[in-house]
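One structure is given below, encoded as C-alpha cells.
The values are calculated or read from the model by the stated rules, or taken from the named source; none is laboratory data. This one's a predicted model, so the numbers in the text were calculated from it and none came from an experiment. All Cβ positions, even for glycine, are placed from backbone atoms using ideal geometry, and neighbour counts span all protein chains on display. What goes into the accessible areas is simple: the full protein's heavy atoms, side chains included, and nothing from ligands, DNA or RNA. Shrake-Rupley method; radii C 1.70, N 1.55, O 1.52, S 1.80 Å.
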Amino acid sequence: MELNYWGLIVGAATFVIIGVFHPIVVKAYYYFGLKSRWCFLVGGILLAIAALLVRNVIVSILLGVLAFSMFWSIREIKEQKRRVEKGWFPDNPKRKV
C-alpha cells in the first residue's frame with residue numbers, strides 16, 4: 001500500500017502560512033496602519049491569478065492558500081486596529097494616522 005503524503009504536506013504548509021501571517025499583520029499595522037490593506041488586496045489578487053495559471057496542482061493550492069491568507073489579512077488589519085485601541089498591542093508613535 002502506497003501512502004499519499006501530499007495532503008499532510010499541504011496541511012502543514014497551510015498551518016505555517018497562517019501562523020506567519022499573524023506577525024506580518026501586526027507589523028504591517030504598526031508601520032503602515034490601515035493603508036496596508038491595499039497591499040494585502042493587491043498581493044492576494046496577484047497570487048490568486050498565479051494560482052489559476054500554474055500547472056502544478058500542489059503549487060497552485062499553496063498559492064491559493066497564500067492568496068486567501070492575504071485576503072483574510074485585510075480583515076485582520078481592522079481587528080489589529082481594535083486591538084491597539086484596547087491597548088493589547090503598542091501603537092507606533094512615529095506613524096501619522
*How about the range 78-91: which of its residues are part of a helix (DSSP H, G or I), in contact (Cβ under 8 Å) with a residue 12 or more places away in the chain and either more than 17 Å from Gly19 (Cβ to Cβ) or in contact with a strand residue (DSSP E or B) (Cβ under 6 Å, 6 or more places away or on another chain) (or both)?*
Lys78, Lys81, Val84
_In the range 31-50, the residues that are open to solvent by 60 Å² or more (accessible area, probe 1.4 Å) and small (Gly, Ala, Ser)_ = none
*Within the range 2-30, which residues are under 25 Å from Asn56 (Cβ atoms) and either open to solvent by less than 50 Å² (accessible area, probe 1.4 Å) or not in a helix (DSSP H, G or I) (or both)?*
Glu2, Leu3, Asn4, Tyr5, Val10, Gly11, Ala13, Thr14, Ile17, Gly19, Phe21
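Each row is one residue, and each column tells you yes or no for (1) of a type in the set (A, V, I, L, M); (2) open to solvent by 80 Å² or more (accessible area, probe 1.4 Å).
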{"position": "Leu52", "(1), (2)": "yes, yes"}
{"position": "Ile58", "(1), (2)": "yes, no"}
{"position": "Ala67", "(1), (2)": "yes, no"}
{"position": "Lys78", "(1), (2)": "no, yes"}
{"position": "Lys94", "(1), (2)": "no, yes"}
*Could you tell me whether Phe32 is touching a residue at least 40 places away in the same chain (Cβ under 8 Å), touching a helix residue (DSSP H, G or I) at 6+ places or on another chain (Cβ under 6 Å) and of a type in the set (Phe, Trp, Tyr)?*
no
